[in-house]
1. Cβ contacts < 8 Å: first residue open to solvent by 40 Å² or more (accessible area, probe 1.4 Å) and in a loop (DSSP other than H, G, I, E, B), restricted to region 132-154; second residue modelled with pLDDT under 70 and of a type in the set (Asp, Glu), any location; separation 6+ or different chain. Result?
2. How many residues are of a type in the set (Val, Ile, Thr) and either touching a residue at least 60 places away in the same chain (Cβ under 8 Å) or in a loop (DSSP other than H, G, I, E, B) (or both) when one looks only at region 93-112?
3. What residue, among those in region 47-82 that are under 14 Å from the mean Cα position of the chain (by Cα) and more than 20 Å from Val144 (Cβ to Cβ), is modelled with the lowest pLDDT?
4. Does region 9-19 include one or more residues that are modelled with pLDDT of 55 or more, part of a helix (DSSP H, G or I) and open to solvent by 10 Å² or more (accessible area, probe 1.4 Å)?
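The values are calculated or read from the model by the stated rules, or taken from the named source; none is laboratory data. Since the model is a prediction, treat every value here as computed from it, not as a measurement. Quick reminder, even Gly has a Cβ in these numbers, built from the backbone with ideal geometry, and neighbours come from all protein chains shown. Just so you know, the surface numbers come from the protein's heavy atoms only, side chains and all, with ligands and any DNA or RNA stripped out. Shrake-Rupley method; radii C 1.70, N 1.55, O 1.52, S 1.80 Å.
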Amino acid sequence: MALLPRRLVATLVVALALVGAAAGCGDGQSAEDEVKDVVTGFFDDVADGDGAAGCAKLTAAAVEQISEAAFLLQAPGSCREAIESVSRQLSDDDKKALTSAEVNGAAVTGSRAVVADADIALRMSGQSTLFRNNDPAPLTLEKVGEDWKISSLG
């Protein structure tokens with residue numbers, strides 16, 4: 001299996017990270033906090049190689065984007081397999097950076113949310129190369145039922 005270019009890995013990670021984790025229904029959290037939790041949860045899923053949980057945080061369109069990107073790179077074609085493959089290629093330092101992610105802001109308007117690249121802070125250590133020279137496009141999320149889900153990889 002060919003290794004994914006680092007820029008693509010960073011793009012997949014960012015896209016996946018924003019593709020929503022189920023937000024706690026009725027737990028008193030603001031919509032902004034729910035969006036932040038989905039993004040950080042997604043990063044954790046990618047670091048842990050939990051493709052099923054990561055893909056559950058994505059809209060159908062985002063799942064399709066990830067599957068198509070993986071197919072074009074001759075990697076496994078399903079969303080779950082793509083996340084698992086990306087995770088296997090991440091260094092321990094990259095995984096530590098992902099799990100350190102803090103989302104410092106999210107612009108929520110109705111059932112849509114945007115997290116700017118500048119609003120995602122990672123504690124880089126060692127040889128981590130994540131998010132260096134990445135595309136500064138924002139992550140977008142949308143409310144699907146009661147849950148926020150990542151809808152665009154940026």
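1. Partner pairs satisfying both residue conditions: Gly154/Asp135.
2. Step one: filter region 93-112 for residues of a type in the set (Val, Ile, Thr), giving 99, 103, 108-109.
Among the residues that remain, those that are also either touching a residue at least 60 places away in the same chain (Cβ under 8 Å) or in a loop (DSSP other than H, G, I, E, B) (or both) are: 103, 108.
Residues meeting the conditions: 2.
3. Applying the filter and picking the extreme gives Ala82.
4. No, because not a single residue in region 9-19 is modelled with pLDDT of 55 or more, part of a helix (DSSP H, G or I) and open to solvent by 10 Å² or more (accessible area, probe 1.4 Å).
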